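Trainee: After the structure tokens below, expect a handful of questions from me.
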Amino acid sequence: MDITITGRNLELDDSLKRYICKRLDKLERLYRRIFLCEVVLEEEKVRKNAEVILHLKRTRIVVKESSPDIYASIDNAAEKVKKRLRRLNDRLATKRRKAMLGTIMRPVARLRGAEEVAAPAGRGRIIKSNAFAGKPMLPEEAMLELELMGQNFIMFKNADTGEANVLYKRDDGNWGLIEPNF
């Protein structure tokens, strides 16, 4: 991430530049696609203003802070930027989760309406179909869900592996987990 520092009515010394770089280098951990970070420091009569502009792939985040101390202004602006990047990551994760859930639910939606499905002659037929596609979850969450449902087994998408798993209650009181091995 490139950081451009500009000072208006303010002398920029090396310690101030190092402090800004130290505070803003941590932002790249929160969001990896930061192309450019512009920092504009401005001194008015009593107030010291810090403006941070992040250029992302499709958006721009602009934060302005002012206080009597320039270091406090930088700290406050960095905290606001962190908060906005976290919010952006949460929104993107929600969009990804919804898109992934949509791809899971499309094949299941076709089966939902079918109470009886015709089978070839000489074989049994499917009487009832249940759709077991919900949100991706961990096996521990699936265990809690299974206890709440009062069923013997549950099929779920494992949040760690992304594969469809089956969790079932064993006769000895323990739990069994079936994971596909293709």
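Trainee: Which residue pairs have Cβ atoms under 6 Å apart, sit 6 or more places apart or on different chains, and have a first residue in the stretch 23-36 that is without any contact (Cβ under 8 Å) to a residue 60 or more places away in the chain and aromatic (Phe, Trp, Tyr) and a second that is in a helix (DSSP H, G or I) and surrounded by 15 or more Cβ atoms within 10 Å (Cβ to Cβ)?
Mentor: Tyr31/Leu85
Trainee: Another question, if that's okay. Quick one: which residue in Glu38, Glu11, Glu28 is assigned by TED's automatic domain parsing to the domain that holds Asn76 and part of a strand (DSSP E or B)?
Mentor: Glu38
Trainee: Please go through the stretch 1-18 and give me each residue that is more than 17 Å from Val63 (Cβ to Cβ) and not aliphatic (A, V, I, L, M), ordered by number.
Mentor: Across the stretch 1-18, the qualifying residues are Asp2, Gly7, Asn9, Glu11, Asp13, Asp14, Ser15, Lys17, Arg18.
Trainee: Still on this structure, I have one more. Looking only at the stretch 41-61, count how many residues are surrounded by 16 or more Cβ atoms within 10 Å (Cβ to Cβ) and either assigned to a loop (DSSP other than H, G, I, E, B) or not assigned by TED's automatic domain parsing to the domain that holds Asp13 (or both).
Mentor: 0
Trainee: Let me ask another. With the checklist (1) at pLDDT 85 or above; (2) under 30 Å from Gly162 (Cβ atoms); (3) over 30 Å from the mean Cα position of the chain (by Cα) in hand, flag the one item Gly113 doesn't pass.
Mentor: Here Gly113 meets the rest and fails (1).
The values are calculated or read from the model by the stated rules, or taken from the named source; none is laboratory data. Computed from a predicted structure; not experimentally measured. Positions of Cβ are backbone-derived with ideal geometry, glycine not excepted, and every protein chain shown enters the neighbour counts.
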